[in-house]
1. What number goes with the only condition from (1) surrounded by 15 or more Cβ atoms within 10 Å (Cβ to Cβ); (2) in a loop (DSSP other than H, G, I, E, B) that residue 149 does not pass?
2. Would you say residue 206 is in contact with a helix residue (DSSP H, G or I) (Cβ under 8 Å, 6 or more places away or on another chain) and at pLDDT 90 or above?
3. Where the second residue is at pLDDT 90 or above and the first is among the small types (Gly, Ala, Ser) and lies in the stretch 174-197, which pairs have Cβ atoms under 6 Å and are six or more apart or on separate chains?
4. Please enumerate the residues belonging to the stretch 86-101 that are surrounded by fewer than 19 Cβ atoms within 10 Å (Cβ to Cβ) and over 18 Å from residue 120 (Cβ atoms).
5. Checking residue 178 against (1) of a type outside the set (Phe, Trp, Tyr); (2) at pLDDT 95 or above; (3) surrounded by fewer than 12 Cβ atoms within 10 Å (Cβ to Cβ); (4) in a helix (DSSP H, G or I), only one condition comes out false. Which one?
6. Out of (1) under 18 Å from residue 261 (Cα atoms); (2) modelled with pLDDT of 95 or more, the odd one out for residue 145 is which?
Amino acid sequence: MTQPKAERVAVAAPEDDANGAAHASEAAAPGRAAGVGGPRSAARAAAGIDVPPAPQLGDSAGRTRAYHHGALPAALLAAAETVLARDGLRGLTLRSIAREAGVSHTAPQHHFGDMAGVLSELVARAFERLADRMEASGREAAPGRARRKAVAHAYVEFAIENPDLFRLMSRGELLDSARPSLMAARARAGRVLSGDVDAARDDNRQGTPFLPLTPEHAVAVTSAWAYVHGLATLLIDNRLNGLVRASPAFEDAQALVYRAIETVRLMADD
């Protein structure tokens, strides 16, 4: 059976620049490292002297890592999300992503073009996950008010679990809004949020994300979206803690937000 082709990229050394230069110097001298590689190793092997095997791709001692064909972009996006959650948006750079993934610093640019490309693909994946989350919650609830509440809860829960990613999803100035994957993911999330829990991933209505709406329904969806998004943003930005302290009835800000979702009419027919 033909094995999947592996895409090889150079791993960014974890050491600082000075140590990296030292490693580069060692690499430039064939056979200097303890009998691994180079003509000297070949001579020793020919003489019957045991020679340690060279590090394999992905070994902790190696300087390269192998990804199966097509897997590197996903690995880079996973690394980007890790850096974002750990270091915030300010710490998210092409080099930090490459370093987290353990690949050459040129790999993100090679696959995504620039930082806007990386962020756009990262946000596209986030919108797909948000849509999955809302869709799953919506399917478990009865149509109508209960379903809208379930979708709203899923929206807020996603924000709680992914605060920095959730904030990035609204930073349109950092994204390539014309990127097809981002357009499609936003459209699907919008349709699920508006009540279409059967919104398909492969729906081609990229320019028109929502089902046909009456003016009244469009206003209702806008109001409900703004309300739930505002609650989620206030919650993850810790803006509600003062209200919680002023009202001991709520254990924490999350409980306050959930009560707000349950008591406010998200649509006119609630």
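The values are calculated or read from the model by the stated rules, or taken from the named source; none is laboratory data. Bear in mind the structure is a predicted one, so any value in this text is a computation, not a measurement. Using ideal geometry, Cβ is built from the backbone for each residue, glycine included, and neighbour counts are taken over all protein chains shown.
1. That leaves (2) as the condition not met.
2. Numbers: in contact with a helix residue (DSSP H, G or I) (Cβ under 8 Å, 6 or more places away or on another chain): yes; at pLDDT 90 or above: no.
No: the conditions fail for residue 206.
3. The qualifying pairs are 181/124; 185/124; 185/127; 185/128; 189/127; 189/130; 189/131.
4. 86, 87, 88, 90, 91, 95, 99
5. Unmet condition: (4).
6. (2)
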